Amino acid sequence: MVKEVTLSIPQSYGDISLKKWLDFQTQLKNYEDDEDAITALMFFHLCGLEPAYLKGLSIDDYADIKSQLELFLTNTDLPLQRIIKIDSIEYGFEPNLSQMTYGAYADITSFKELTIDENWPKIMSILYRPVVHKKGEMYSIESYKGTMDADKFLEVGMDVHFGALFFFVNLSTDLLKGILNSTMEMDIPPNYKPILERSGQLIQRLLNSPAETLQK
């Protein structure tokens, strides 16, 4: 008996929700060295193809679907989207990180890593808050109230999530370079050394987890 299967093949990260991506990554940890299993997981989590029907695909269809996925899956360095829309409501990315409230800063830094994992939607709900005023490219957002509405970000596309993540990756890289360049050009007082070491460790920790994400 022939069964007709309809697949929805994503054409970009915008077609993949955070929920789908987290489910995919969770399963991926168990099959990191098995290329066939990884492909089967991609087809299931990203395209909706049940594993039982995978062997029923023709060689051409199998290669075509895999090729379409690989076209965008290899590029996660996406631009930051400062304003996004969820359920017809505009949410703006924290417009001035240097003036972020202590509560927002403390809640973000309470997480062990800044990476896309089960805590990431909570971080996004702190960084993206409803827009209350907008004029041209300028905007202001709702004050942080200490609550995290993480669920709504589970359905947001991965283009938004990777854009936010790599904003911090690039920012950390530039900051690390600036620190290294400035310290080479000046004499460092002895009491500054442990402070710089701790700062460097923090920046390196932020850089490590996205690098691991890219490798996977």
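Structure summary
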quantity	calculated
Matching option when the condition is surrounded by 11 or more Cβ atoms within 10 Å (Cβ to Cβ), outside the structural domain of Met158 (by TED's automatic domain parsing), in contact with a Phe, Trp or Tyr (Cβ under 6 Å, 6 or more places away or on another chain) and farther than 30 Å from Tyr128 by Cβ, among Leu57, Leu49, Leu78	Leu49
Criterion violated by Ser12 - all others in (1) under 21 Å from Thr115 (Cα atoms); (2) surrounded by 15 or more Cβ atoms within 10 Å (Cβ to Cβ); (3) modelled with pLDDT of 90 or more satisfied	(2)
Single residue of Val132, Val160 found to be of a type in the set (A, V, I, L, M), surrounded by fewer than 16 Cβ atoms within 10 Å (Cβ to Cβ) and at pLDDT 90 or above	Val132
Qualifying positions in the range 98-124 - outside any loop (DSSP other than H, G, I, E, B) and either closer than 17 Å to Asp151 by Cβ or polar (S, T, N, Q) (or both)	Ser98, Gln99, Asp107, Thr109, Trp120, Pro121, Lys122, Ile123, Met124
Tally of residues being at pLDDT 90 or above and farther than 23 Å from Leu18 by Cβ across the range 31-60	2
Evaluation of Trp21 against (1) in contact (Cβ under 8 Å) with a residue 60 or more places away in the chain; (2) in the same structural domain as Met148 (by TED's automatic domain parsing); (3) aromatic (Phe, Trp, Tyr) (one fails), failing number	(2)
Among residues of the range 64-97, those that are over 14 Å from Gln11 (Cβ atoms), over 16 Å from the mean Cα position of the chain (by Cα), among the hydrophobic types (A, V, I, L, M, F, W, C) and not in a strand (DSSP E or B), counted	1
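Residue by residue, here is whether (1) farther than 30 Å from Leu46 by Cα; (2) in a loop (DSSP other than H, G, I, E, B) holds:
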position: Ser140; (1), (2): yes, no
position: Met148; (1), (2): no, yes
position: Leu154; (1), (2): no, no
position: Asp159; (1), (2): no, no
position: Phe162; (1), (2): no, no
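The values are calculated or read from the model by the stated rules, or taken from the named source; none is laboratory data. For clarity, every value in this text was computed on a predicted model and none was experimentally measured. With ideal geometry, Cβ positions are generated from the backbone for all residues, glycine too; neighbour counts draw on all protein chains shown.
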